1. Restricting to segment 1-56, give me the number of residues that are in a helix (DSSP H, G or I) and among the small types (Gly, Ala, Ser).
2. Just one of the numbered conditions (1) modelled with pLDDT under 85; (2) out of contact with any helix residue (DSSP H, G or I) (no Cβ under 9 Å at 6 or more places or on another chain); (3) surrounded by 14 or more Cβ atoms within 10 Å (Cβ to Cβ) is not true of Ile26; which one?
3. Output the residue which, of all residues in segment 62-78 that are farther than 18 Å from Ile26 by Cα and at pLDDT 65 or above, is least open to solvent (accessible area, probe 1.4 Å).
4. Condition (residue is among the aromatic types (Phe, Trp, Tyr), under 13 Å from the mean Cα position of the chain (by Cα) and under 22 Å from Thr120 (Cβ atoms)) applied to segment 3-22: is it met by at least one residue?
5. Residues that are modelled with pLDDT under 85, among the β-branched types (Val, Ile, Thr), in a helix (DSSP H, G or I) and surrounded by fewer than 14 Cβ atoms within 10 Å (Cβ to Cβ): does segment 88-103 have at least one?
6. Between a first residue in segment 1-14 that is farther than 9 Å from Ile43 by Cα and a second residue that is of a type in the set (Phe, Trp, Tyr), which pairs have beta carbons less than 6 Å apart while being 6 or more apart in sequence or on different chains?
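The values are calculated or read from the model by the stated rules, or taken from the named source; none is laboratory data. Remember, it's a predicted structure, so these values are computed and weren't measured experimentally. No Cβ is skipped: glycine too gets one built from the backbone with ideal geometry, and neighbour counts run over all protein chains shown. To get the accessible areas, we keep the full protein, side chains included, count just its heavy atoms, and leave off ligands, DNA and RNA. Shrake-Rupley method; radii C 1.70, N 1.55, O 1.52, S 1.80 Å.
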Amino acid sequence: MLTIINTDINNGIGFCINGKITKDDIDLAFSELKLKTDEYNNIVVYCEVKDFVGVKFSAFLEEFKDLFSIQKTSIEKIAVVTDDERVKSTIIFEKKFIKKAELKTFTLNQKQNAINFLTTKY
């Protein structure tokens with residue numbers, strides 16, 4: 001299940017993944033991203049992963065890359081918050097392919113650090 005969460009970041013969108021991800025969940029995420037990108041040219045993404053089953057996390061990231069290669073919007077930063085080692089290793093691998101966005105992982109007890117990372121300008 002994917003739910004939209006409030007990040008209190010104007011140009012930010014937040015997701016929480018807890019369980020199986022379905023096509024409806026991905027459609028919801030894209031719908032919310034479209035709303036945010038209609039308002040802001042550059043956005044940041046907070047993704048909290050509590051438990052992940054179903055599609056591979058790398059496939060989920062691929063969907064994000066496909067979406068933003070089509071649109072003119074730029075993702076500046078992505079914070080993935082998880083204690084799942086499988087997800088962390090996927091992120092390390094995916095960093096090589098996501099060129100424009102700065103991508104960092106945080107543990108579940110570092111949620112505020114993730115928010116700080118997303119709101120800090122270069």
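1. Total satisfying the criteria: 2.
2. Here Ile26 meets the rest and fails (2).
3. My answer is Lys77.
4. Initial filter on segment 3-22 (among the aromatic types (Phe, Trp, Tyr)): 15.
With the extra rule that they be under 13 Å from the mean Cα position of the chain (by Cα), the set shrinks to 15.
Subset that is under 22 Å from Thr120 (Cβ atoms): 15.
Yes, some residue in segment 3-22 is among the aromatic types (Phe, Trp, Tyr), under 13 Å from the mean Cα position of the chain (by Cα) and under 22 Å from Thr120 (Cβ atoms).
5. There is at least one residue in segment 88-103 that is modelled with pLDDT under 85, among the β-branched types (Val, Ile, Thr), in a helix (DSSP H, G or I) and surrounded by fewer than 14 Cβ atoms within 10 Å (Cβ to Cβ).
6. Within 6 Å, the pairs are Leu2/Phe15; Thr7/Tyr46; Gly14/Tyr46.
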